[in-house]
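Only one structure is covered here, and it is reproduced in the block below.
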Amino acid sequence: MSLPANVMQWHIGLVGYGEVGRILAEDLRARGVENVMAYDIKLGGEDEKPLRDHAQQHGVKLTASHGELAAGADLVISAVTASQAVPVAESCAASLRSGAWFLDLNSASPGAKTKAAGRVDSAGGRYVEGAVMTSIPPYRIRVPLLLGGPAAAGLARALNDLGFAGKVGSPKLGVVSATKMCRSVMIKGLEAMVIESFTAARAYGVEKEVLASLAETFPGMDWEKQGAYFFQRVIQHGRRRAEEMREVAQTVRDAGLEPWSASGTVERQAEVAGLAEQGLLGERNAPREDWRSDADRLLAACNASFPRKREYIDTDKEAGSPLARG
């Protein structure tokens, strides 16, 4: 298949029309890409209206299946949850045009990326793994992006012409995914640790002392602001983060280490996600300026399900703590 020489004339298909997919759709259309398609498993369900409204507003064509999207695309961009990286590649592969590009942005392990690449390449497509190296919303389409695999160099220039900020990390498949996964041990783990530390400190009424100590040890970090941001991101996206961390744990395990930290992060992210989905942590998409309200809700929800011993809380000294008030 011969792709249009002008990348702005490419047909671009987005698999996954969540936060990432919608941002990419908006920015591609704003740059003048006329043919943008999208597919999401929520289409046809009770949550499809916001997707259809967004697509209509931004001139994005919604397709009925992975296959329909892949059959019409010069470039497929997969941005789904980590557990769906390989299934999406499989679903698209059978319908891909010969020579079409498949950019896998999913936070999946090197092993999963290798499997996905096998499906796409064997069907005549050209697979490139992408590792998104920081949070997308502040940067949008210009988010730092590492590209990997034998075909990465061939796609890099076209992506950057489309507005991306991609660079080739390695021609060896799996290397840039390993970079992303090892980074996530720290980043997603820090989110989980902050939520656990701050919430427990709130329960004991010692958050002031804990934050003061952290500020002294790490003077360059605004822990109040960072705490609010971490709570917000996990409340909004904890389910997706938990899936990513399962892939991270597998990556660590494949390296020969037992993924104690990554596995714990999975549990904390999944717990917060589950409570948020039940509506127990307030409005999920509301901006957070103070993490304390979220910590109080988290404590209330957890203690309602699993009552904890309170003998270590001095109710006279720490009368302001949520557990003491309970």
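The values are calculated or read from the model by the stated rules, or taken from the named source; none is laboratory data. Just so it is clear, the structure is predicted and the values come from calculations on it, not from any experiment. Glycine also receives a Cβ, built like all others from the backbone with ideal geometry; neighbour counts cover every protein chain displayed.
Here are the numbers for the structure shown:
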| item | result |
| --- | --- |
| Any chance Asp104 is in the same structural domain as Gly166 (by TED's automatic domain parsing), more than 23 Å from Pro259 (Cβ to Cβ) and charged (D, E, K, R) | no |
| Residues within segment 237-261 that are of a type in the set (S, T, N, Q) and surrounded by 20 or more Cβ atoms within 10 Å (Cβ to Cβ), tallied | 1 |
| When residues of segment 1-25 are limited to those that are surrounded by 17 or more Cβ atoms within 10 Å (Cβ to Cβ) and over 18 Å from the mean Cα position of the chain (by Cα), the one farthest from Thr81 (Cα to Cα) | Val7 |
| Qualifying residue in segment 13-21 (condition: aromatic (Phe, Trp, Tyr), out of contact with any Cys (no Cβ under 7 Å at 6 or more places or on another chain) and closer than 27 Å to Cys182 by Cα) | yes |
| Output for segment 187-214, where each listed residue is in contact with a Phe, Trp or Tyr (Cβ under 6 Å, 6 or more places away or on another chain) and over 23 Å from Ala286 (Cβ atoms) | Leu214 |
| Options Ala273, Ala295, Ala286: the member that is assigned by TED's automatic domain parsing to the domain that holds Glu243 and either of a type in the set (D, E, K, R) or touching a Gly at 6+ places or on another chain (Cβ under 7 Å) (or both) | Ala273 |
| Selection within segment 205-224 - part of a helix (DSSP H, G or I) and farther than 17 Å from Asp296 by Cα | Glu209, Ala212, Ser213, Leu214, Ala215, Glu216, Thr217, Trp223 |
| Segment 238-258: number of residues that are under 30 Å from Leu280 (Cβ atoms) and free of Cβ contacts under 8 Å to residues at least 60 places away in the same chain | 4 |
| Among the candidates Glu191, Glu129, residue that is at pLDDT 95 or above and out of contact with any strand residue (DSSP E or B) (no Cβ under 8 Å at 6 or more places or on another chain) | Glu191 |
| Complete set of residues in segment 169-188 that are farther than 19 Å from Gly256 by Cα and either under 21 Å from the mean Cα position of the chain (by Cα) or surrounded by 17 or more Cβ atoms within 10 Å (Cβ to Cβ) (or both) | Gly169, Ser170, Leu173, Ile187, Lys188 |
